[in-house]
1. Name the single residue, out of those in the stretch 34-57 being among the β-branched types (V, I, T) and open to solvent by 70 Å² or more (accessible area, probe 1.4 Å), that is farthest from Y128 (Cα to Cα).
2. Taking into account only those residues within the stretch 167-179 that are open to solvent by less than 40 Å² (accessible area, probe 1.4 Å) and farther than 14 Å from L44 by Cα, which is modelled with the highest pLDDT?
3. Mind checking which residues of the stretch 58-78 are part of a loop (DSSP other than H, G, I, E, B) and either without any contact (Cβ under 8 Å) to a residue 24 or more places away in the chain or open to solvent by less than 30 Å² (accessible area, probe 1.4 Å) (or both)?
4. Tell me which residues, restricted to the stretch 122-148, are within 18 Å of G45 (Cα to Cα) and open to solvent by 60 Å² or more (accessible area, probe 1.4 Å).
5. Among the residues of the stretch 96-105, is there at least one that is free of Cβ contacts under 8 Å to residues at least 40 places away in the same chain and assigned to a strand (DSSP E or B)?
6. Is it true that some residue in the stretch 106-118 is open to solvent by 70 Å² or more (accessible area, probe 1.4 Å) and modelled with pLDDT under 95?
7. When you go through L142, L115 one by one, which is the residue that is closer than 20 Å to E88 by Cα, more than 12 Å from the chain's Cα centre (by Cα) and assigned to a strand (DSSP E or B)?
8. Does at least one position in the stretch 10-33 carry a residue that is modelled with pLDDT of 55 or more, part of a strand (DSSP E or B), closer than 16 Å to H76 by Cα and of a type in the set (F, W, Y)?
Amino acid sequence: MITRLSQAALLAMTLTVPAVHATNFDYNHIQVNVLANPSGLGGLGRFAFTEGAHFVAKGDTQFEGDWYTSGGVGFHAPINQFVDVYGELEGAWFRRPDDDKHDTGDFATVIGAGLRSWVAPPIEANLYVGSIIFDQDDTTSLVEIGGRFHSTETLSLGATWRANGLEQNRLIFSVRYLY
């Protein structure tokens, strides 16, 4: 009798303990990017509006009559206590420096997913893979590999290598403010 009662109590406690849903990383941040080879400036902002979803806005330029802007929504969720998975769907409006065809820019859809992982307590590694979709017949891949050093709880420094079909492979240095 006591063993059945203790088993029932243990089962009841197990079922009523709330599951952990918090992510390992903060998705409320503003970031300033310094683009290298060719040089330029950029920015990124993510704003969480629920526990597992966020808005995203990005932009950059090389100051040669070019721009890249995008905005959309994304999701984020923990895989375990060290790794988060995230994904984003964005609408993009951009113009590359050598593009004489599109004076007012070109539109595309960007879809991708990534992983963020703690390598050590202040060091984060990240990977992002996606596609830039112009229409049914025109798509290009997007790959980003990088890392971040979290110097404080609100400030981190990062370096990312980006490869896509729109521009040359480039290195991006960034400062991120978490709020």
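The values are calculated or read from the model by the stated rules, or taken from the named source; none is laboratory data. Bear in mind the structure is a predicted one, so any value in this text is a computation, not a measurement. All Cβ positions, glycine included, derive from the backbone under ideal geometry; neighbour counts span all protein chains shown. Accessible surface is based on the protein model in full, side chains and every heavy atom, while ligands, DNA and RNA are left aside. Shrake-Rupley method; radii C 1.70, N 1.55, O 1.52, S 1.80 Å.
1. T50
2. Within the stretch 167-179, the match that is modelled with the highest pLDDT is R170.
3. Q62, F63, D66
4. Passing the criteria: only L127.
5. No, there is no match, as no residue in the stretch 96-105 is free of Cβ contacts under 8 Å to residues at least 40 places away in the same chain and assigned to a strand (DSSP E or B).
6. Scanning the stretch 106-118 turns up at least one residue that is open to solvent by 70 Å² or more (accessible area, probe 1.4 Å) and modelled with pLDDT under 95.
7. Numbers: L115 fails: more than 12 Å from the chain's Cα centre (by Cα).
The conditions single out L142.
8. Looking for residues that are modelled with pLDDT of 55 or more, part of a strand (DSSP E or B), closer than 16 Å to H76 by Cα and of a type in the set (F, W, Y), one finds none in the stretch 10-33, hence no.
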